[in-house]
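This report refers to the structure that appears directly beneath it.
The values are calculated or read from the model by the stated rules, or taken from the named source; none is laboratory data. None of these values were measured; they are calculated from a predicted model. Virtual Cβ from ideal backbone geometry, glycine too; neighbours counted across all protein chains shown. We work out accessible area using only protein heavy atoms, side chains counted, and drop any ligands, DNA or RNA first. Shrake-Rupley method; radii C 1.70, N 1.55, O 1.52, S 1.80 Å.
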Amino acid sequence: MARLLVTSLDPENARTSAHLLACFAHSLAQRLESKENVEPCISLLTPLSSTLSARITQAPNKPLECLLALGERVHDGIRKAEKARPEGDRSMSVQRLVLETCIGDLIGQLGSCERIAGTRVPLTYSRHATRLLTLFLITLPIVLVDQPGGRFYTIPAVVFVTWAFTGIDEVAQLIEDPFQGQPFSLQLNPLCDKIQNDVLQQILPED
C-alpha cells in the first residue's frame with residue numbers, strides 16, 4: 001500500500017498519507033493497550049498540519065479516524081491525478097479501487113484487534129479451572145505416596161507437576177489478553193517504530 005501511494009498520489013498527499021499510516025499503527029497500539037499517549041501522532045502530523053493533528057488526537061477512536069483521513073487524502077490525490085491524465089484514461093480508477101480495498105482491509109484488521117482485546121474468558125471459567133487445578137495438586141501426593149517407591153519421588157514429582165501446571169495456567173491467562181503492555185506481553189511499540197521507519201523510508205527517502 002505504501003508503494004502504491006507514492007505512485008498514485010501527488011507528493012503532498014503521498015507524504016501526508018505516509019504519516020497517517022504510521023500514526024494509525026501507533027494509535028492502534030495505544031488503543032489496544034488502553035493508553036492515551038498521543039505524542040507519536042502529534043510528532044508525526046503536527047509538522048504537516050496542526051488541524052489534522054488536532055482532529056486525530058481528539059478523536060474518540062484515533063486509529064479509525066486515521067483511516068478516514070487517509071481515505072480522504074487518497075480521494076483527493078486520485079482526483080488531482082485524474083485531472084492531469086488524458087480523458088478516457090481509467091488507470092486511476094483501478095488504483096483508487098486498490099487503495100480503497102487496502103483501507104477497508106485495515107479497518108477490518110482494526111475491528112479484529114479490538115475484538116481480541118475486548119473478549120475476555122468468563123471469570124467463572126477461570127475460577128473453576130483454578131479450583132480444579134488446586135484440588136488435583138492437593139490430592140496428588142496422597143495418590144503418589146502409596147505407590148512403590150513413593151516416599152522417595154513424591155515430593156520431587158509434586159513440585160515438578162505443580163510448577164508445570166501452574167505455568168500452563170499462567171500462560172493461558174497471558175494469551176487471553178496479549179495487549180497488556182507488560183514486559184511479558186506483545187511488544188507493540190517496537191513493531192510500530194519499525195512500521196513507521198519502513199513506510200516513511202519507502203515513500204519519502206528524504207525523511
Practice item. Determine, yes or no, whether Leu70 is in contact with a Ser or Thr (Cβ under 8 Å, 6 or more places away or on another chain) and more than 30 Å from Leu188 (Cβ to Cβ). Key: no
Exercise for review: For Arg115, indicate whether it is modelled with pLDDT of 80 or more, more than 25 Å from Lys35 (Cβ to Cβ), in a helix (DSSP H, G or I) and of a type in the set (D, E, K, R).
Suggested key: no
**Study point:** helices (runs of 4 or more DSSP H) contained in region 122-207 and holding at least 1 residues within 30 Å of Met1 (Cβ to Cβ) and at pLDDT 85 or above
**Key:** 188-203
Exercise for review: Could you give me the residue pairs with C-beta distances under 9 Å whose first residue belongs to region 111-122 and is among the small types (Gly, Ala, Ser), whose second residue is outside any loop (DSSP other than H, G, I, E, B) and open to solvent by 80 Å² or more (accessible area, probe 1.4 Å) wherever it lies, and which are 6+ apart or on separate chains?
Suggested key: Ala117/Arg31
Check your understanding: What are the pairs, 6+ residues apart or on separate chains, where a residue within region 82-108 that is on the phi > 0 side of the Ramachandran plot has its Cβ under 6 Å from a residue that is exposed (fewer than 13 other Cβ atoms within 10 Å of the Cβ) and at pLDDT 85 or above?
Key -> none
